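The values are calculated or read from the model by the stated rules, or taken from the named source; none is laboratory data. Just so you know, these numbers come straight off a predicted model, no measurement behind them. Every residue, glycine as well, gets a Cβ built from its backbone with ideal geometry; the counts of neighbours run over all protein chains shown. SASA here: full protein model, heavy atoms, side chains in, ligands and nucleic acids out. Shrake-Rupley method; radii C 1.70, N 1.55, O 1.52, S 1.80 Å.
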Amino acid sequence: MNTLLPVEEAQALIKSSLKCLSPESIDLSEINSHILAEDVKADSDMPPFDRSSVDGYALGSDDTTTPFIVLGEIQPGTDPSLILKEGEAARIFTGAKIPQGATKVAMQEVCSCEKGRIIISENDPNTCIRKQGEDIKEGEIVAHAGLTLEAGECSILASVGCINPLVYRKPKIMHISTGNEIVSPNKKPATGEIRDSNSILIKQLIEQYGGTLSGKLHCKDNKGFLTNQIEKFLEGSQDILLVSGGASVGKYDFGAEVLTNLGFDVKFQKLNSRPGKPLTFAVKGTKCAFIIPGNPLAHFVSFHIFIRLAIASMQNKSHGVETVTAMMTDDFKYKENPRKTFCPATLRWSNEHNSFEATQLSWNSSGDLRGMIECNAFLVREKGQSGIEKGSSADFLLLN
């Protein structure tokens with residue numbers, strides 16, 4: 001445990017230590033970026049029948065040089081009994097079923113009606129008919145397992161009658177902030193105190209990246225109280241425990257010790273990561289715990305590189321952090337460090353250069369909260385690497 005574990009090995013340990021949570025059926029109206037656990041097939045053709053794509057007149061022949069006698073009107077939601085013959089037409093509206101005998105629909109903009117007859121001024125080669133099954137055939141897979149269900153995906157499920165899709169349950173997460181110096185954000189800190197910014201940071205990140213915050217509390221530097229709360233976590237329904245602070249080697253940093261005493265298998269405690277070196281990851285049964293270094297930027301980096309991976313693994317989902325190339329808008333200043341370093345940056349798409357452009361964010365230390373403002377990427381610097389000149393390109397981890 002004294003050596004610094006490489007980041008990639010730590011990520012592999014997280015993935016191999018965790019299993020998917022059991023899928024469950026959820027009402028479609030309650031879906032909120034859940035991960036689909038099974039393929040969904042269409043229960044009918046889409047469209048389910050030949051339908052008009054415009055408001056106009058269904059025609060009984062393609063010859064539009066002569067007038068058509070209008071026999072009636074067809075509205076959406078009805079099953080027309082009309083059978084059109086050559087020279088006959090029916091008023092029809094967008095989405096209505098095409099009557100028997102109709103070969104095309106003329107848009108109302110090119111039609112003029114006089115004494116029950118229509119004259120067509122322009123012959124459009126488009127039939128304006130959407131054919132049955134031209135979008136989706138019955139039995140065709142419309143959504144594959146592993147898909148994240150957002151607004152568009154939920155709409156498709158509704159269209160095929162899948163109102164209770166089988167999805168992976170979102171991990172329930174317990175968060176404990178620690179430290180005698182921590183006070184509520186609504187309180188003016190006394191000398192030696194600081195406001196708790198980690199709790200709101202963790203809450204927002206959990207909700208943004210697929211978890212459910214199901215409990216939170218503050219624990220002073222009291223080993224007995226922390227032990228009691230983690231025992232409650234083990235007895236409860238939560239899946240992941242996040243403890244802010246208590247991950248280092250100080251007198252009151254007893255997070256890993258408490259986990260070990262409660263039977264957790266501590267997978268790692270020291271990482272070749274900057275910030276986030278003293279991150280602890282432990283597993284007991286189907287539950288896992290992270291003891292996170294107390295500084296906010298260490299929280300931010302640790303969550304994106306490691307905790308997001310745990311949340312995703314429990315839902316059979318990929319990590320979601322991608323590597324992209326971006327060009328520097330200014331010199332990226334960096335002093336060489338022996339640890340793998342995640343430097344906060346902002347990436348924006350440039351239409352002018354047809355690529356991402358990167359801007360370095362302020363970062364004096366892992367307690368510098370300014371490094372998180374508009375941060376959507378990390379520039380990764382390995383041992384021996386230095387800064388990057390303006391106009392040069394480099395690979396970045398794109399967070400969202």
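Among residues that are open to solvent by less than 70 Å² (accessible area, probe 1.4 Å), in contact (Cβ under 8 Å) with a residue 60 or more places away in the chain and either more than 28 Å from residue 24 (Cα to Cα) or in a loop (DSSP other than H, G, I, E, B) (or both), residue 201 is included.
Only a single criterion out of (1) touching a helix residue (DSSP H, G or I) at 6+ places or on another chain (Cβ under 8 Å); (2) outside any helix (DSSP H, G or I); (3) not hydrophobic (A, V, I, L, M, F, W, C) is not satisfied by residue 11, namely (2). Checking each residue in the range 120-140 for being more than 12 Å from residue 54 (Cα to Cα), free of Cβ contacts under 8 Å to residues at least 40 places away in the same chain and open to solvent by less than 70 Å² (accessible area, probe 1.4 Å) picks out only 124. Please determine whether any residue of the range 108-119 is closer than 27 Å to residue 91 by Cα, open to solvent by 70 Å² or more (accessible area, probe 1.4 Å) and of a type in the set (A, V, I, L, M, F, W, C). Checked the range 108-119: at least one residue is closer than 27 Å to residue 91 by Cα, open to solvent by 70 Å² or more (accessible area, probe 1.4 Å) and of a type in the set (A, V, I, L, M, F, W, C).
Are there any pairs, at least 6 apart or on different chains, whose C-beta atoms fall under 8 Å, with the first in the range 325-339 and over 12 Å from residue 384 (Cβ atoms) and the second open to solvent by less than 40 Å² (accessible area, probe 1.4 Å) and not small (Gly, Ala, Ser), and if so, which? Every condition considered, the pairs that remain are 325/396; 326/347; 326/396; 328/388; 331/388; 332/343; 332/379; 332/388.
Restricting attention to the range 9-30, does a residue exist that is more than 28 Å from residue 170 (Cα to Cα) and touching a residue at least 12 places away in the same chain (Cβ under 8 Å)? Even if it seems obvious, please write down each step before you answer.
Applying the first criterion (more than 28 Å from residue 170 (Cα to Cα)) to the range 9-30 yields none.
There is no residue in the range 9-30 that is more than 28 Å from residue 170 (Cα to Cα) and touching a residue at least 12 places away in the same chain (Cβ under 8 Å).
Restricting to the range 282-318, what's the tally of residues that are free of Cβ contacts under 8 Å to residues at least 60 places away in the same chain and over 17 Å from residue 204 (Cβ atoms)? Here the count works out to 7.
Are any residues in the range 31-43 open to solvent by 40 Å² or more (accessible area, probe 1.4 Å) and at pLDDT 95 or above, and if so, which ones? Outline the logic, then answer.
We begin by selecting, within the range 31-43, every residue open to solvent by 40 Å² or more (accessible area, probe 1.4 Å); these are 32, 38-39, 41, 43.
38, 39, 41, 43, listed by residue number.
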